[in-house]
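All of the numbers you see were taken from the coordinates with simple rules; none came from a lab. Predicted, not measured: the structure shown is a model, and the values here were computed from it. Positions of Cβ are generated from backbone atoms using ideal geometry, with glycine treated the same way; all protein chains shown enter the neighbour counts.
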Amino acid sequence: QVQLVESGGGVVQPGGSLRLSCAATRNMFDIYSEAWYRQAPGRVRELVAAITPGDNINYADAVKGRFTISRDIAKNTLYLQMSALKPEDTAVYFCHFHYGPNGYWGQGTQVTVSS
């Protein structure tokens, strides 16, 4: 079993920045893919950014140019650097790791963008 622990959420003003972290209890050397999702109230969970096989990186159109996904394999940690935040970025953010056929979710961290 793999546990993912997210941190870094909070309240920030529009235009501000936050960095989310997702620490795994298993090393990332054999990971298949990793990603960040978000879910706003009343909406479905949506993909924000992902690192897929071959180290390809994909972003949702809504966050391109503002968010950056990265990882530190030595620390078993995935990051999401968020800049130029907008009120519509308000959501619970979840990390997701895929090892082989199995996927694992973090518990979620709240990000609120408000003045």
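With both partners inside the chain, how many of the DSSP beta bridges are antiparallel, as a percent to the nearest 5? Bridges in the chain are about 95 percent antiparallel. Averaging 1/r across all pairs of distinct Cα atoms in the chain and inverting the result yields a Kirkwood radius of 14.1 Å. Translational diffusion of the stretch 1-49, estimated by Stokes-Einstein from the Kirkwood radius over alpha carbon pairs at 25 °C in a medium of 0.890 mPa s, is 186 µm² per second.
Taking the stretch 13-55 and a reference point 7 angstrom along Cα→Cβ of S114, the backbone N atoms nearer than 18 Å belong to 13-18, 39-43.
Both the radius of gyration and Dmax for the stretch 48-115 are 13.0, 42 Å, in that order, over alpha-carbon atoms.
Whole-Hz Karplus values for the stretch 98-109 come out as 10, 10, x, x, 9, x, 9, 10, x, 7, x, 9 Hz, taken residue by residue from phi with 6.51 cos²θ - 1.76 cosθ + 1.60 and θ = phi - 60°; glycine and proline positions read x.
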